[in-house]
């Protein structure tokens, strides 16, 4: 069962790339006492994710933060090295917190996993975007398979 509006983000750990290498970051560290926009992609360096989803949030990060959002974060079922390299390739430059969920543990806790074993990608995340206030989901936009409509930066700007 997928997480729903009004529910609390589960406790757990993700990874982020730092100058010293991969670092654990807890969901409490990300969400406690903050307003966060979290969006997820099925995979770093994949076509829609690289051409539209992440670039839209990079472009609109200042507008999103101007609406009282403390952090804009991107999560994918990839390792921290891949997420760090993708962030550099996409010129994230500190606008987006790049989060790695290498074993899909957090994604499964949210109930938002996507089985892409057939095309050779394994378990990944559904494409979604959510607004989280102090750990509680306030808006959740999950895409239909293959779609890119409700989880865009523009859609989240309207939801905030």
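The values are calculated or read from the model by the stated rules, or taken from the named source; none is laboratory data. From a predicted model like this one, the values you see are computed outputs, not experimental measurements. Positions of Cβ are generated from backbone atoms using ideal geometry, with glycine treated the same way; all protein chains shown enter the neighbour counts.
For the range 26-47, residues that are surrounded by fewer than 19 Cβ atoms within 10 Å (Cβ to Cβ) and at pLDDT 95 or above total 7. When residue 53 is tested against (1) closer than 22 Å to residue 28 by Cβ; (2) within 12 Å of the chain's Cα centre (by Cα), exactly one condition is not met: (1).
Against the list (1) over 19 Å from residue 104 (Cβ atoms); (2) in contact with a helix residue (DSSP H, G or I) (Cβ under 9 Å, 6 or more places away or on another chain); (3) modelled with pLDDT of 95 or more, the condition residue 155 fails is (2).
Restricting attention to the range 120-141, the residues that are buried (at least 18 other Cβ atoms within 10 Å of the Cβ) and in a strand (DSSP E or B) add up to 10.
Among residues of the range 146-160 that are in contact (Cβ under 8 Å) with a residue 60 or more places away in the chain, those with a Cβ under 7 angstrom from a residue that is part of a loop (DSSP other than H, G, I, E, B), sequence gap 6+ or separate chain, pair up as 148/127; 151/127; 151/143; 160/67; 160/69. Applying a threshold of 9 Å to beta carbon distances and a minimum spacing of six or more residues, or different chains, the list of pairs starting in the range 54-75 at a residue that is more than 24 Å from residue 33 (Cβ to Cβ) and ending at one that is surrounded by 14 or more Cβ atoms within 10 Å (Cβ to Cβ) and modelled with pLDDT under 95 reads 54/44.
State all residues of the range 142-160 that are in a loop (DSSP other than H, G, I, E, B) and touching a strand residue (DSSP E or B) at 6+ places or on another chain (Cβ under 9 Å); if no residue qualifies, say none. Within the range 142-160, 143, 145, 149, 150, 151, 152, 160 meet the criteria.
Of the strands (runs of 3 or more DSSP E) lying entirely inside the range 6-47, those containing at least 3 residues that are in contact with a helix residue (DSSP H, G or I) (Cβ under 7 Å, 6 or more places away or on another chain) and within 19 Å of residue 70 (Cβ to Cβ) span 35-41.
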